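Below: one structure, written as structure tokens.
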Amino acid sequence: MDSVIRTRIDSQTKQKATEILESCGLTMSTALRLFVEQVVINEGLPFDINRKPSPRLIQAMRETQEILQSGKSGFSDINEQMDVLNNGEQQSSKAAVSDKTHKII
């Protein structure tokens, strides 16, 4: 290796990151090297930083918020959940057998 990269970061963030990386078996230097290598492989950042949630995700988040605010605890049983997931369509006999398995668990 013939290059050195230096950067400044606040000490609290560095300490937290160091602890997390050590729990993964990595040093800060190794993690930064991995990051830079991924930038090269991906020809850009290896993750999205400005990604906006999709309309579907926004709707799911709204529904979740409504459920939490209403105090509704969820589905009464697996059959109710499966009906909602299947848009109210009748389940096949194979799915009905599967439901019995879920009730045991």
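The values are calculated or read from the model by the stated rules, or taken from the named source; none is laboratory data. What you are looking at is a predicted structure, and each value in this text was computed from that prediction instead of being measured. Note that each Cβ is placed from the backbone with ideal geometry, even for glycine, and that neighbours are counted across all protein chains shown. These accessible areas exclude ligands, DNA and RNA; they are computed on the full protein's heavy atoms, side chains included. Shrake-Rupley method; radii C 1.70, N 1.55, O 1.52, S 1.80 Å.
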Kindly give Rg over Rh for the range 1-69, based on alpha-carbon atoms, with the Kirkwood expression for the hydrodynamic radius. 1.16
Peptides 64-72, 12-20: what's the order by average Cβ count within 10 Å, highest mean first? 12-20, 64-72
Charge dipole (debye, nearest 20) of the range 1-69; +1 at Cβ of Lys and Arg, -1 at Cβ of Asp and Glu: 200 debye
Over the range 1-69, with the other protein chains present, what is the accessible area per residue in square angstrom, probe 1.4 angstrom? 98 Å²
Within the range 46-68, find all residues whose amide N lies under 12 Å from a label point positioned 7 Å from the Cα of T7 along Cα-to-beta-carbon. 46
